[in-house]
1. So which residues in segment 88-112 are in contact with a helix residue (DSSP H, G or I) (Cβ under 9 Å, 6 or more places away or on another chain) and either within 20 Å of VAL187 (Cβ to Cβ) or part of a strand (DSSP E or B) (or both), if there are any at all?
2. Give all pairs with beta carbons closer than 6 Å in which a residue from segment 39-61 that is hydrophobic (A, V, I, L, M, F, W, C) meets a residue that is open to solvent by less than 50 Å² (accessible area, probe 1.4 Å) and assigned to a loop (DSSP other than H, G, I, E, B); count only pairs at least 6 apart in sequence or on separate chains.
3. For segment 211-240, which residues satisfy the criterion of being open to solvent by less than 50 Å² (accessible area, probe 1.4 Å), within 16 Å of PRO176 (Cβ to Cβ) and of a type in the set (A, V, I, L, M, F, W, C)?
4. Can we say TYR97 is closer than 20 Å to ARG168 by Cα and in contact (Cβ under 8 Å) with a residue 60 or more places away in the chain?
5. Considering only segment 132-180, state which residues are at pLDDT below 95, surrounded by fewer than 15 Cβ atoms within 10 Å (Cβ to Cβ) and in a strand (DSSP E or B).
6. Just checking, does segment 25-36 include any residue being in contact with an Asp or Glu (Cβ under 6 Å, 6 or more places away or on another chain) and not basic (Lys, Arg)?
Amino acid sequence: MRKQFGTALLLSSLAISGTASAQQFDDDVSDFGVWGAATATGNFGFVNPDNPILGKVKWWAEGQGRFADDASKFSQAIVRPGIGYQLNEKMSIWVGYAWTPTTTPYVKNTYDEHRAWQQFIYADTYSWGKFQSRSRLEERFVPDHIGSASNPGDGNPNNASWVGFRYRHLLKASIPLSFAPGFSYIVQDEAFVSLNDTDWVPRQGFDQNRFFTGVGYAFTKNITGEIGYMNQYIIRRGANYMGHNLVVNLLANF
């Protein structure tokens, strides 16, 4: 009963969050996009199978491409490698780097963003399916030559490369569909909070929310595909951004 109540509470919270993020204000910019992502994780046990420590040291490789302006232009890419350590069967910690070139309509001025990131993942399997909680901290900056968002390329060292700190938390549930072997219903929500003010990212406070719902299919025990709808709401200095995105993910765990 407790597990069923917890499941119901989780899904209700995600649904409420997704509904809230979908409430559009009159001055918001509305857009349709297509996102694609491939993420692979594994461990270094193959280097020396007799060393149990290497089996706990993990690697992360991720690439993303995002098309916006009604999916007419390539607007953002993410290359995100990382390394982690499996604390136990349910918990792992990670550190890594991300290169994120970004342009309109996500931001007003085009720039290459660089991030250092750290995260903690809790993942467990229940009678109803799989649950994951991911806490990630990011340190975001742009190269010196970019300048401030209000005047990109001004070369002002006081504004360029000013680090923006952001916390993001993701909750995800994957529920197998008994009537369709191999398929699962996926629902997740991720909230973003900027921890400080900068000249090129949103002000301190709530940054954006992403709500995703769709289906997953296990091609093998190691490879899963997901497809569905993501509602993305970004708080910006001008008009806020409401994105309606078709998302395709490929996940591999070795």
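The values are calculated or read from the model by the stated rules, or taken from the named source; none is laboratory data. Remember, it's a predicted structure, so these values are computed and weren't measured experimentally. All Cβ positions, glycine included, derive from the backbone under ideal geometry; neighbour counts span all protein chains shown. These area figures cover heavy atoms from the full protein model, side chains too; ligands, DNA and RNA do not enter into them. Shrake-Rupley method; radii C 1.70, N 1.55, O 1.52, S 1.80 Å.
1. TYR111, ASP112
2. PHE44/LEU54; VAL47/LEU54
3. Residue satisfying the conditions is ALA218 alone.
4. No; evaluated as a whole, the condition is false for this residue.
5. ASN151
6. Checked against the condition, which is being in contact with an Asp or Glu (Cβ under 6 Å, 6 or more places away or on another chain) and not basic (Lys, Arg), segment 25-36 yields at least one hit.
Quick grid of which residues meet (1) modelled with pLDDT under 95; (2) touching a Leu at 6+ places or on another chain (Cβ under 9 Å); (3) closer than 23 Å to LYS172 by Cα; (4) exposed (fewer than 14 other Cβ atoms within 10 Å of the Cβ):
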| position | (1), (2), (3), (4) |
| --- | --- |
| MET1 | yes, no, yes, yes |
| ASP31 | no, no, no, no |
| LYS58 | no, no, yes, no |
| GLY63 | no, no, yes, no |
| ASP70 | no, no, no, yes |
| PRO81 | no, no, yes, yes |
